[in-house]
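Right, one structure below, let's go through it.
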Amino acid sequence: MAGRDLQYASIVNQKLAFARHQLKAAAAQDATDINARLARHAHLDAAVLQLVDGLAYFVAELGEGYKLALKPNGSLVDLLGAFDGRQSAAVAELRSLLNDRHSWLSGLMEARSDPLALPRRFSEKPEKAAAATIPLVDLERQGSADALSLLASWLQAAQAFIDRQRAVLQEY
């Protein structure tokens, strides 16, 4: 691996570790205190952001092998678009996962683009807020444990995907 490849690989590993840390911090919050529930929600949001960033850096890491100078701060779709006309099993799999609305990656990207996606997923019935108020999304009441488990499964799937793709690249 070239120096920049190692830099991206290190950042990917860091981002995934940060996401794991955020999930552990979310799980450690007391479910009875409103401030702890808000902290749990913040940790879950942070885990989503770290995981998406980790995947963006992984795509940039893949791009180095194709001599593509990718900036990982772009959207995942834009980063994958830089591979048009190139054969990459990892990129093809990521595109397939993005297009499958039931995949872990599609769910993750929905949670990234819509902060209410996770609460809605676990909400039994949508609450009607007064027109002049901004509703407080209480993840604890709307399935925080389920959201935590779901995010942990997405993190595990992302880690397995990255590990598998790196193993394939090492064979070449």
Legend entry - Odd one out for residue 45 among (1) farther than 23 Å from residue 170 by Cα; (2) touching a helix residue (DSSP H, G or I) at 6+ places or on another chain (Cβ under 8 Å); (3) part of a helix (DSSP H, G or I): (2)
Inset, instruction - Filter the range 42-68 down to the residues that are touching a residue at least 40 places away in the same chain (Cβ under 8 Å) and more than 15 Å from the chain's Cα centre (by Cα), then identify the one that is surrounded by the fewest Cβ atoms within 10 Å (Cβ to Cβ). - result: 65
Inset, instruction - Write out, first by first residue and then by second, each pair whose Cβ atoms fall under 7 Å of each other, whose residues are 6+ apart or on separate chains, and whose first residue, in the range 144-163, is within 17 Å of residue 29 (Cα to Cα) while the second is assigned to a helix (DSSP H, G or I) and at pLDDT below 90. - result: 144/40; 146/122; 147/118; 147/122
Legend entry - Selected residue (only one of 19, 39 is buried (at least 16 other Cβ atoms within 10 Å of the Cβ), at pLDDT 95 or above and part of a helix (DSSP H, G or I)): 19
Legend entry - Residues of the range 59-112 that turn out to be assigned to a loop (DSSP other than H, G, I, E, B) and either in contact with a Pro (Cβ under 9 Å, 6 or more places away or on another chain) or not charged (D, E, K, R) (or both), as a count: 15
Inset, instruction - Among what's in the range 22-36 and is assigned to a helix (DSSP H, G or I) and crowded, with 20+ Cβ neighbours inside 10 Å, pick the residue that is modelled with the lowest pLDDT. - result: 26
Legend entry - So residue 74, is it at pLDDT below 95, surrounded by fewer than 18 Cβ atoms within 10 Å (Cβ to Cβ) and out of contact with any Leu (no Cβ under 9 Å at 6 or more places or on another chain): yes
Inset, instruction - Find all pairs meeting these conditions: Cβ atoms under 8 angstrom apart; at least six residues apart or on different chains; first residue within the range 71-99 and touching a residue at least 40 places away in the same chain (Cβ under 8 Å); second residue of a type in the set (Asp, Glu). - result: 72/53
Inset, instruction - Considering only residues that are among the charged types (D, E, K, R) and more than 20 Å from residue 169 (Cβ to Cβ), look in the range 85-117 and name the one that is surrounded by the fewest Cβ atoms within 10 Å (Cβ to Cβ). - result: 101
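The values are calculated or read from the model by the stated rules, or taken from the named source; none is laboratory data. Model, not experiment: these values are computed from the prediction. Note: ideal-geometry Cβ built from the backbone for every residue, glycine included; neighbour counts use all protein chains shown.
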